[in-house]
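Scroll down for the structure; my scribbles are underneath it.
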Amino acid sequence: MDTPHAHPAGTDLASVARLLADGTRASFCVALLDGRAWTATELARHAGVAASTATEHLNALVRGNLLAEERQGRHRYVRLAGPHVAELVEGLAAMAPGRASPPRSLSAAGRRKALAHARTCYDHLAGAVAVAITDTMTERGLLDWGHGLRLTGDGEAWLGRLGVTVPAGTRRPSVRSCLDWTERRSHLAGAVGAAVCRHAFDAGWITRIGTTRAVAITADGRQALRDHLGLPAELLSRK
């Protein structure tokens, strides 16, 4: 029988929780969901803290294995340690209470709306469009949730017809569900989710909006998603 303080041998969940309990460190991790490497200076500017403060927080996140660092000459870059960290951060964001304060400007409101519509979550798609893709794949029998999420034989054939290549020989799960922080429902992650996102960029179906995580669905993308999944035009063309 478990005691109130028992935990699996060798784990320290509280240490991870403490890392993300700080608002500055949490904001760094959310920013890094764009899948790119950032410098300490860029993250300090993003969070509105001093460079020395940012460095201290980043060192803690690297020691805690939530971030990985890369060095190019004198420059230090950090990124999320992997897709498992991205899915953890996105899932926690979905559980967090929403902020009651309205956007302080029209541009902020526009950015928030764009992120909710379609964005990247590390290396896969998130937002309303991603949830709709996942729902439609399920309805068409391409995904099966009966005994844990899996890609069906029809799903494999569908990816092949699209020309989506999923890397072989990886230890990463083929498909995973990731709780969407704006929709509060699941979107597709894992190796298949990453491959679909990469194909969408390569095929010109989506394009980044500025330097944010938000993506726009292009005319080619709207046509492709209607043809291959029957997604409604009003969802795909939402501004």
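Looking at G190, G148 in this structure, which one is in contact (Cβ under 8 Å) with a residue 24 or more places away in the chain, at positive phi and not aliphatic (A, V, I, L, M)? I'd like the intermediate steps shown before the answer.
Numbers: G148 fails: in contact (Cβ under 8 Å) with a residue 24 or more places away in the chain.
Every option except G190 fails the conditions.
Right, G169: at pLDDT 95 or above and part of a loop (DSSP other than H, G, I, E, B) or not?
When the stated conditions are applied, G169 does not pass them.
Rundown of residues vs (1) touching a residue at least 40 places away in the same chain (Cβ under 8 Å); (2) assigned to a loop (DSSP other than H, G, I, E, B); (3) among the β-branched types (V, I, T), yes/no style:
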residue	(1), (2), (3)
E42	no, no, no
V49	no, yes, yes
H57	no, no, no
E69	no, no, no
R76	no, no, no
R79	yes, no, no
H84	no, no, no
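Take H199 and tell me if it is part of a strand (DSSP E or B) and either free of Cβ contacts under 8 Å to residues at least 12 places away in the same chain or not basic (K, R) (or both).
no
If you take the residues in the range 48-85 that are under 18 Å from the mean Cα position of the chain (by Cα) and among the small types (G, A, S), which one is least open to solvent (accessible area, probe 1.4 Å)?
G82
Pairs, please: C-beta under 9 Å, at least 6 apart or cross-chain, first residue acidic (D, E) and in the range 118-140, second not in a loop (DSSP other than H, G, I, E, B)?
D123/P83; D123/A86; D123/A189; D123/G193; D123/A194; D123/C197; D123/R198
Taking the conditions exactly as written (more than 17 Å from V131 (Cβ to Cβ) and in contact (Cβ under 8 Å) with a residue 40 or more places away in the chain), does I209 satisfy them or not?
yes
Filter the range 20-34 for residues that are farther than 11 Å from L58 by Cβ and open to solvent by 20 Å² or more (accessible area, probe 1.4 Å); which is nearest to the chain's Cα centre (by Cα)?
If we take residues in the range 20-34 being farther than 11 Å from L58 by Cβ and open to solvent by 20 Å² or more (accessible area, probe 1.4 Å), then V30 is nearest to the chain's Cα centre (by Cα).
Condition first: open to solvent by 40 Å² or more (accessible area, probe 1.4 Å), of a type outside the set (D, E, K, R) and more than 21 Å from C197 (Cβ to Cβ). Can you find one or more residues in the range 127-147 that meet it? Reasoning before the result, please.
First pass over the range 127-147, keeping only residues open to solvent by 40 Å² or more (accessible area, probe 1.4 Å): 135, 138-140, 144-147.
Then drop every residue that is not of a type outside the set (D, E, K, R), which leaves 138, 145-147.
In the following step, the residues that additionally are more than 21 Å from C197 (Cβ to Cβ) were identified as 146-147.
So far as the range 127-147 goes, yes, one or more of its residues are open to solvent by 40 Å² or more (accessible area, probe 1.4 Å), of a type outside the set (D, E, K, R) and more than 21 Å from C197 (Cβ to Cβ).
Tell me the residue from A233, A168 that is among the aliphatic types (A, V, I, L, M), surrounded by fewer than 16 Cβ atoms within 10 Å (Cβ to Cβ) and closer than 19 Å to E139 by Cα, please. Before you say what the answer is, go through the steps one by one.
Numbers: A168 fails: closer than 19 Å to E139 by Cα.
Answer to the selection: A233.
The values are calculated or read from the model by the stated rules, or taken from the named source; none is laboratory data. Everything numeric here is computed off the predicted structure, so don't read it as measured data. Neighbour counts run over all protein chains shown; Cβ positions are idealised from the backbone, glycine included. In case anyone asks, the SASA skips ligands and DNA or RNA and just uses the protein heavy atoms, side chains included. Shrake-Rupley method; radii C 1.70, N 1.55, O 1.52, S 1.80 Å.
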